[in-house]
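S.K.: Please read through the structure below; I'll follow up with questions.
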Amino acid sequence: MKRGVYILPNALTLCGMCFGFYSIVASLKGQYTDAGWAILIANIFDGLDGWVARMTNSTSRFGIELDSLSDLVAFGVAPSIMAYNWALQPAGRIGWAVAFLYVCCGALRLARYNVQMVSTEKKYFTGMPIPAAATILATLVIFHEHQFGNVHANSTLVAIITAVISIFMISTLRFHGLKELDLKKRKPFPFLVLLIILTAIIITNPPIMLFAFGFLYMFVGIIENIYLIYTRKKRALISESGKR
């Protein structure tokens with residue numbers, strides 16, 4: 001701290017926190033679509049700050065801690081308030097309990113990430129990343145507001161989705177992320193083509209496409225982990241039969 005702090009990556013982190021705070025304000029005003037988009041924009045800044053820090057070799061412990069605090073605001077508190085005001089409030093105590101569960105699981109997820117980032121978290125995410133969980137809730141709100149307008153969302157369904165992704169965050173299930181893509185290295189040409197195609201698909205109808213990709217990420221993670229559990233059990237049975 002005596003030597004100063006890196007301005008650029010930390011400024012990007014604070015931009016993400018700013019959009020998270022704006023999402024909270026928008027949710028309190030009943031502007032749920034704006035709240036959802038603010039969370040998605042905060043997600044962009046969350047990716048940029050880490051990328052810039054690595055590219056400029058300006059990673060620091062201060063930046064890591066600030067990033068976690070920003071994530072808790074933008075991807076923990078903001079989505080829970082958005083979900084509660086948007087759909088969970090009619091459920092009464094169950095509604096705010098589910099919203100609080102999301103915040104608690106998000107905080108635990110971030111704390112565990114800071115501890116494990118040197119070991120297992122370098123290979124893949126242990127538990128669903130909190131930005132991904134926030135993205136799922138944000139795209140759900142944007143999709144519903146775009147498709148159904150003023151029709152009230154189903155409180156029970158939203159509560160179940162929120163509780164499930166909360167448990168996923170603190171689970172030991174394996175989830176992948178963009179950090180596994182080393183953009184500093186050369187990639188095959190089809191990778192660039194695929195990126196352009198995905199961008200074009202999202203542009204055609206952002207509310208629907210982002211919603212589809214968000215839930216696709218969750219379901220692919222579930223399927224992958226079911227496969228991993230199955231293969232582990234199969235290997236265990238083969239090793240036991242071999243010993244006999």
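The values are calculated or read from the model by the stated rules, or taken from the named source; none is laboratory data. Just so it is clear, the model here is predicted, and its values are computed rather than measured. Neighbour counts run over all protein chains shown; Cβ positions are idealised from the backbone, glycine included.
S.K.: Please identify the pairs in which a residue from the range 226-244 that is modelled with pLDDT of 75 or more has its Cβ atom under 7 Å from the Cβ atom of a residue that is surrounded by 10 or more Cβ atoms within 10 Å (Cβ to Cβ) and not in a helix (DSSP H, G or I), counting only partners at least 6 apart or on another chain.
M.R.: Every condition considered, the pairs that remain are Leu228/Arg174.
S.K.: A follow-up question, please. Which is touching a Phe, Trp or Tyr at 6+ places or on another chain (Cβ under 7 Å), part of a helix (DSSP H, G or I) and of a type in the set (A, V, I, L, M), of Ala78, Ala87, Ala74, Ala97?
M.R.: None of the other options fit; the residue is Ala74.
S.K.: I've got another one for you. Of all residues in the range 175-223, how many are at pLDDT 90 or above and of a type in the set (Asp, Glu)?
M.R.: Residues in the range 175-223 being at pLDDT 90 or above and of a type in the set (Asp, Glu): 0 in total.
S.K.: Among the numbered conditions (1) surrounded by fewer than 21 Cβ atoms within 10 Å (Cβ to Cβ); (2) of a type outside the set (D, E, K, R); (3) assigned to a loop (DSSP other than H, G, I, E, B), tell me where Met128 comes up short.
M.R.: (1)
S.K.: Can you run down the residue pairs with Cβ atoms below 9 Å, 6 or more apart or on separate chains, where the first is in the range 161-177 and without any contact (Cβ under 8 Å) to a residue 60 or more places away in the chain and closer than 14 Å to Thr126 by Cβ and the partner is surrounded by fewer than 16 Cβ atoms within 10 Å (Cβ to Cβ) and among the aromatic types (Phe, Trp, Tyr)?
M.R.: Between residues of the range 161-177 that are without any contact (Cβ under 8 Å) to a residue 60 or more places away in the chain and closer than 14 Å to Thr126 by Cβ and residues that are surrounded by fewer than 16 Cβ atoms within 10 Å (Cβ to Cβ) and among the aromatic types (Phe, Trp, Tyr), the close pairs are Arg174/Tyr124; Phe175/Tyr124; His176/Tyr124; Gly177/Tyr124.
S.K.: Follow-up question, since we're still on this one. Given the condition among the basic types (Lys, Arg) and in contact (Cβ under 8 Å) with a residue 24 or more places away in the chain, answer yes or no: does some residue in the range 83-106 qualify?
M.R.: The answer is no; no qualifying residue exists.
S.K.: Could you tell me whether the range 149-159 includes any residue that is at negative phi, buried (at least 22 other Cβ atoms within 10 Å of the Cβ) and of a type outside the set (D, E, K, R)?
M.R.: yes
S.K.: Next up: So which residues in the range 205-244 are within 23 Å of the chain's Cα centre (by Cα), polar (S, T, N, Q), part of a helix (DSSP H, G or I) and farther than 20 Å from Phe175 by Cβ, if there are any at all?
M.R.: none
S.K.: Something else: State all residues of the range 11-66 that are closer than 21 Å to Leu137 by Cβ and part of a loop (DSSP other than H, G, I, E, B); if no residue qualifies, say none.
M.R.: Answer for the range 11-66, where residues must be closer than 21 Å to Leu137 by Cβ and part of a loop (DSSP other than H, G, I, E, B): Lys29, Gly30, Gln31.
S.K.: Among the residues of the range 26-58 satisfying the criterion of being among the β-branched types (Val, Ile, Thr) and surrounded by fewer than 15 Cβ atoms within 10 Å (Cβ to Cβ), which is farthest from Ala132 (Cα to Cα)?
M.R.: Looking at the filtered set, the residue picked out is Thr56.
S.K.: In the range 68-98, what residues are among the small types (Gly, Ala, Ser) and more than 14 Å from Ala153 (Cβ to Cβ)?
M.R.: Answer for the range 68-98, where residues must be among the small types (Gly, Ala, Ser) and more than 14 Å from Ala153 (Cβ to Cβ): Ser68, Ser70, Ala74, Gly76, Ala78, Ser80, Gly92, Ala97.
S.K.: Cβ-Cβ under 7 Å, sequence separation 6+ or interchain: first residue in the range 37-60 and under 30 Å from Phe211 (Cβ atoms), partner in a helix (DSSP H, G or I) and among the charged types (D, E, K, R). Which pairs?
M.R.: Filtered contacts from the range 37-60: Asp46/Asp71; Asp49/Asp67.
S.K.: Shifting gears a bit: Against the condition small (Gly, Ala, Ser) and at pLDDT 95 or above, how does Ala35 come out, does it pass?
M.R.: Yes; evaluated as a whole, the condition is true for this residue.
S.K.: Can you tell me which residue within the range 69-121, out of those that are β-branched (Val, Ile, Thr) and modelled with pLDDT of 90 or more, is nearest to Asp34 (Cα to Cα)?
M.R.: For the range 69-121, the residue satisfying everything is Ile81.
S.K.: Check Asp67, Asp49, Asp71 and return the single one that is within 11 Å of Gly20 (Cα to Cα) and among the acidic types (Asp, Glu).
M.R.: Only one candidate qualifies: Asp71.
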